[in-house]
Amino acid sequence: MKKLFYGMFVILMVLSFSAFAQAQSNTNGIYVGLVGGYVIPSTLNGNLGVAGAPVAYDYDLDLKDGYLVGVKAGWLTPFSNRALAVEFEYNHIENKMDSWDNFLMSGLDAETDGKIKIDSFMFNLIARYPTGRFHPYLGAGAGCAYVKTSDMYSTYMGGPIGLVTGGSDTVFAYQIMAGLDFDITKNIIIGMSYKYFVLDKISFDNNAIGLWGPGSAELDYKAHNIMLSLS
């Protein structure tokens, strides 16, 4: 049901802005567009260091599937006969937390309430098949991402067992992609793509309330993004 909801959300978001996309022209190789997608994150591998604790705690934080919305602007380069595109892309990603495996080395898998939000700014290079109405492509991108993690409130069998405060960080990001664009008209293109999105290690100061007090946290974020675009 949740996957169906996200799919409907993406399609409605793209179609609702179709008038905006129709107003742009790619006759000179410049294009702008809107993107939306379904985000399937890998398990967050983390490390929690707490003042006064004898060791730092490695942990796995499972995330729920989430969503992505964004915009892009690019240029189909004339010197490559439009076989090469350079593109700037902004995306906003959100995932809710699901469970904290082996909570603080207790052996418990604790349900965890919280959210991670990511605003990414990416520069992409894309190699595409330039002729015809169908344009398969491969590409890669790099940039930066601002990551904000909410407080992580954990429970076990309905009872509270811990609260770790959130934080924020700006980190390096990269992605690889493959997709297919279809020319509906000369100036309207619908695209479908897959992107593997990776962030550098996220670090921030925090507190483990009810445990030892101030500390620090590190997280590794990776995700598989299934996307639609209109440009």
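Just a few scattered comments:
- Paramagnetic reach from residue 88 (point 7 Å along Cα→Cβ, amide N under 18 Å) across the range 124-139: 124-126
- Residue 221 long-range amide H proximity, modeled H, under 5 Å: 199, 202
- For residue 222 and residue 73, a Förster radius of 30 Å and the Cβ-Cβ distance give a FRET efficiency of 0.70, rounded to the nearest 0.05.
- Theoretical FRET efficiency, 1/(1+(r/R0)^6), r = Cβ-Cβ of residue 140 and residue 205, R0 35 Å, to 0.05: 0.60
- Ranked by how many other beta carbons lie within 10 Å on average, peptides 33-39, 64-70 from highest: 33-39, 64-70
- 129, 146, reordered so the largest accessible area comes first (probe 1.4 Å): 129, 146
- Entries of 72/148; 72/222; 148/195; 115/186; 117/186 with Cα pairs more than 31 Å apart: 115/186; 117/186
- Eligible aspartates and glutamates near residue 96 by straight Cα distance, threshold 14 Å, same-chain separation 8 or greater: 62, 65, 111, 113, 151
The values are calculated or read from the model by the stated rules, or taken from the named source; none is laboratory data. Here the structure is a predicted model, which is why all the values come from computation and not from measurement. Note that we place each Cβ from the backbone using ideal geometry, even for glycine, and neighbour counts take in every protein chain shown. Quick note on the areas: whole protein, heavy atoms, side chains included, nothing else; ligands and nucleic acids left out. Shrake-Rupley method; radii C 1.70, N 1.55, O 1.52, S 1.80 Å.
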